[in-house]
Ligand code: GLN
């Protein structure tokens with residue numbers, strides 16, 4: 001713990017704060033004492049980990065990488081984080097990310113852009129960029145991110161580590177700052193599939209504080225160590241035919257397909273919605289939900305309030321001075337699609353498309369056991385480029401957002417040099433995803 005804290009100097013770009021020093025060292029001393037007394041310790045006891053700074057951890061500042069919450073102290077601890085604490089894991093750092101999860105590059109933050117672990121001129125991906133980089137550099141053994149439309153999987157891909165978005169509702173969202181509640185998921189980032197399995201088991205389960213959670217079966221080590229019942233794998237033809245796909249990513253993906261075929265598994269091409277439909281459906285709903293979720297942040301209960309003589313003006317100034325450009329773009333867009341005259345045309349259409357996408361997946365999973373795809377069509381851009389072209393940034397989410405809308409379990413594993421490989425199964429088949437990932441190793 002001490003060694004990792006030293007690596008995480010407070011001003012490294014992936015770190016929001018290591019104010020957890022004293023807490024972390026106290027917890028570590030307790031584990032040391034247990035070991036000295038000859039007591040057996042649990043699998044997560046004493047393991048240092050990082051937390052994307054959108055999770056509440058009582059007593060620590062939770063900024064969401066925003067100016068608005070720059071000094072906000074969490075009043076309680078997120079359920080998923082509490083389960084890790086109960087298992088003895090030690091939080092050592094709150095991690096830099098795109099503010100409120102808004103972004104795909106971890107540049108939309110008051111703490112400065114997170115740099116890619118492999119090439120410092122490139123973005124880390126986002127929004128859980130700090131979390132993926134810390135794992136890739138071994139500054140944390142694992143990190144906990146939030147994935148609404150790809151925020152765990154995409155930076156995991158850009159930094160060549162494992163990142164898992166479980167089935168929606170498998171892990172409680174209580175204490176994860178809400179971005180788009182219908183697709184928000186808690187997701188672990190780690191260096192091995194086995195670590196992901198352990199973390200998933202610890203964090204999963206029914207939580208009365210999040211009514212979308214459910215009881216799930218533990219995934220045993222044995223159950224993911226051999227392939228049972230995976231016969232057919234599917235991939236989306238149109239993802240491969242798109243002009244937007246980087247040729248190296250395409251080649252890496254085709255190489256993975258050959259590898260799978262060589263293992264005697266059948267591969268099927270599947271039809272799917274075009275990328276621009278996926279991206280516009282996701283951003284319509286995500287913006288609508290974030291406009292609603294962030295309406296509570298007006299300075300009256302939380303965060304940096306900017307006073308004006310007039311109360312309404314206080315709200316307006318607090319929000320316009322403290323939210324980033326990207327967050328404001330989403331609030332304005334979200335309120336527009338929800339407003340009278342637009343909601344039928346845009347928002348309700350988005351909901352209908354989401355249902356159609358889920359139905360498409362249900363039909364696909366009658367034919368195939370697993371769907372694979374690259375994590376992104378493009379390689380990580382240079383730092384600065386995404387800020388200049390938000391539309392291009394949205395399009396870079398083309399391969400992750402569909403699985404979010406379908407609420408499916410999806411894992412990024414390292415593949416090739418640019419991005420990762422995404423492995424997806426039907427709802428609640430999280431174990432099957434890990435099983436297939438192990439098989440491909
Ligand atoms: N890049 C996507 C967005 O900005 C996904 C972000 C996320 O999953 N938090 O909405």
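The values are calculated or read from the model by the stated rules, or taken from the named source; none is laboratory data. Everything numeric here is computed off the predicted structure, so don't read it as measured data. When we count neighbours, we look across all protein chains shown, and the Cβ atoms used for this are built from the backbone with ideal geometry, even at glycine.
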The condition of being more than 16 Å from the ligand (Cβ to nearest atom), surrounded by fewer than 24 Cβ atoms within 10 Å (Cβ to Cβ) and without any contact (Cβ under 8 Å) to a residue 24 or more places away in the chain holds, among 225, 216, 220, only for 220
Restricted to segment 194-216 and to residues being part of a helix (DSSP H, G or I) and touching a strand residue (DSSP E or B) at 6+ places or on another chain (Cβ under 6 Å), the residue nearest to residue 78 (Cα to Cα) is 203
I'd like to know if segment 336-349 contains one or more residues that are within 16 Å of the ligand (Cβ to nearest atom) and under 16 Å from residue 406 (Cβ atoms).
no
| request: Could you tell me whether residue 117 is part of a loop (DSSP other than H, G, I, E, B), closer than 26 Å to residue 372 by Cα, away from the ligand (no atom under 12 Å from the Cβ) and in contact with a helix residue (DSSP H, G or I) (Cβ under 6 Å, 6 or more places away or on another chain)? | output: yes
_Quick check on segment 260-277. Is at least one of its residues within 22 Å of the chain's Cα centre (by Cα) and either free of Cβ contacts under 8 Å to residues at least 40 places away in the same chain or more than 22 Å from residue 418 (Cβ to Cβ) (or both)?_
yes
Checked segment 142-153 for anything within 12 Å of the ligand (Cβ to nearest atom) and either assigned to a loop (DSSP other than H, G, I, E, B) or over 8 Å from the mean Cα position of the chain (by Cα) (or both); matches are 148, 149, 150, 151, 152
Scanning segment 385-407 residue by residue, those over 13 Å from residue 103 (Cα atoms) and more than 14 Å from the ligand (Cβ to nearest atom) turn out to be 406
From the option list 327, 417, 318, single residue qualifying as closer than 25 Å to residue 438 by Cα and touching a residue at least 40 places away in the same chain (Cβ under 8 Å) is 417
### Message
When you scan segment 120-141, do you find a residue that is part of a loop (DSSP other than H, G, I, E, B), at positive phi and more than 16 Å from the ligand (Cβ to nearest atom), even just one?
### Response
yes
Residue set 102, 13; condition touching a strand residue (DSSP E or B) at 6+ places or on another chain (Cβ under 6 Å) and farther than 16 Å from residue 142 by Cβ; output residue 13
Residue count, segment 408-433, condition within 16 Å of the ligand (Cβ to nearest atom) and either more than 28 Å from residue 218 (Cβ to Cβ) or out of contact with any strand residue (DSSP E or B) (no Cβ under 9 Å at 6 or more places or on another chain) (or both), comes to 1
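Residue-wise test of (1) within 16 Å of the ligand (Cβ to nearest atom); (2) in contact with a helix residue (DSSP H, G or I) (Cβ under 8 Å, 6 or more places away or on another chain); (3) at pLDDT below 95.
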| residue | (1), (2), (3) |
| --- | --- |
| 266 | no, no, no |
| 271 | no, yes, no |
| 278 | yes, yes, no |
| 282 | yes, yes, no |
| 286 | yes, yes, no |
| 290 | yes, yes, no |
| 298 | no, yes, yes |
| 304 | no, yes, yes |
| 307 | no, yes, yes |
Residue 219 passes all but one of the listed conditions (1) closer than 30 Å to residue 317 by Cα; (2) within 23 Å of the chain's Cα centre (by Cα); (3) in a loop (DSSP other than H, G, I, E, B); the exception is number (1)
Those residues of segment 24-52 which are within 16 Å of residue 90 (Cβ to Cβ) and in contact with a strand residue (DSSP E or B) (Cβ under 7 Å, 6 or more places away or on another chain) amount to 24, 27, 28, 46, 47, 48, 49, 50, 51
The condition from (1) free of Cβ contacts under 8 Å to residues at least 40 places away in the same chain; (2) within 16 Å of the ligand (Cβ to nearest atom); (3) over 15 Å from residue 97 (Cα atoms) that residue 183 misses is numbered (1)
Would it be correct to say that residue 163 is within 15 Å of the ligand (Cβ to nearest atom), within 27 Å of residue 6 (Cβ to Cβ) and not in a helix (DSSP H, G or I)?
yes
State whether the residues of segment 84-94 include one that is over 15 Å from the mean Cα position of the chain (by Cα), modelled with pLDDT of 95 or more and within 16 Å of the ligand (Cβ to nearest atom).
-> no
